[in-house]
Amino acid sequence: MTSTNKEIHIVASDLDGTLLAPDHKLSPYTRNTLKTLHQNGFTFVFATGRHHVDVSGIRKMAGIPAYMITSNGARIHDPDDQLMFSSNVPENLIPAIIQVLSHDEDIFIHLYRHDEWLISHEDQRLKDFHNESGFSYRLFDVNNPPLDGVSKVFFTHKNRDHDILTTYEEKLNQQFTNQVTVAFSSPWCLEVMGPGISKGHALDVVAQSLNKSLDDCVAFGDGMNDIEMLTMAGTGLVMETAHEKVMAALPEIQRIGSNEHDSVARYLEANLLTIADCIA
């Protein structure tokens, strides 16, 4: 489907590798485009694996009211920060999920719980990764993890070894078949949410709340956790820098440029905004 401002009402975008620049910040060009998009009546949705507190800080810097799909769809907040949807990892499964990887000293174990980000041991690189919002973690005991209010459990490798994480992905899927959702948000971040969770289903909740449908949405992404959203939206676009697994899963979906070149903002400017709007 060709995107025009008569057809598209909702714009949803992943953050890292997609909307944010390589330094994990909103470029001035992208920020200005989002403001113009809002001024022209479009609804914007941040759709990400990040924590809602983290994304709230980015939304504030963007300077627009926007919906937030976070933790890969386990949380949805409206532009007034009201919680629209929440789904947690089953409490009885969390210790067993952690146990699958806890023996590996090269693995960092993370929990998104309520308004917190918990991690098994220090990782300065991840603190730097979230430098746009200032959101940071605190340490927790993997042998005594909190169980309530966990939107996702996720794992990173100190050397960003995707092949090792893929092995654990297989183990998690085998052990917890149909009990959880397992996905990569990036090649080096393996994530576990509650059953049936995805950005695509979360976007459908947002669209229905606005009396719209997924056909009224355009979506951008670059990760395995974006696949449902990109295929369910009326128009889905994948970044040309996406991982080869994403490209293989989405052979028919249009490619656009990279986040380094503000390709999401440039697509929106060219396809949804008039020249006069862009100048303004």
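Taken together, the values in this text are just the output of simple stated rules run on the coordinates, not laboratory data. It should be emphasised that the depicted structure is a prediction, and the values quoted were computed from it without experimental measurement. In this analysis, Cβ positions are derived from the backbone assuming ideal geometry, glycine residues included, and neighbour counts consider all displayed protein chains.
Residue ranges 259-271, 99-111, 8-20 sort as 8-20, 259-271, 99-111 when ordered by packing (mean number of other C-beta atoms within 10 Å per residue, highest first). Could you give me the percent of Cα pairs per 10 Å distance bin for the stretch 185-268, shortest bin first, beginning at zero and ending with the bin that holds the maximum distance? Each 10 Å bin holds this share of Cα pairs: 17, 47, 32, 4. Here the spin labels are modelled as points 7 Å beyond Cα on the Cα-Cβ line, and at GLU105 and THR166 they lie 2.6 nm apart.
Looking at the stretch 133-164, which trypsin sites (Lys or Arg not before Pro) are DSSP coil and have at most 15 other C-beta atoms within 10 Å of their C-beta? For trypsin sites (Lys or Arg not before Pro) across the stretch 133-164 that sit outside H, G, I, E and B with at most 15 neighbouring Cβ atoms in 10 Å, the list reads LYS158, ARG160.
The stretch 14-82 and the stretch 99-124 have Cα centres separated by 25 Å. Give the shape of the stretch 109-240 as rounded, prolate or oblate, defined through the alpha-carbon gyration tensor: a ≥ b ≥ c are the square roots of its eigenvalues, a/c under 1.5 means rounded, and otherwise the shape is prolate if a/b is larger than b/c and oblate if not. Cα axes put the stretch 109-240 in the prolate bin.
Out of every Cα-Cα pair that the chain contains, those further apart than 35 angstrom amount to 13 percent.
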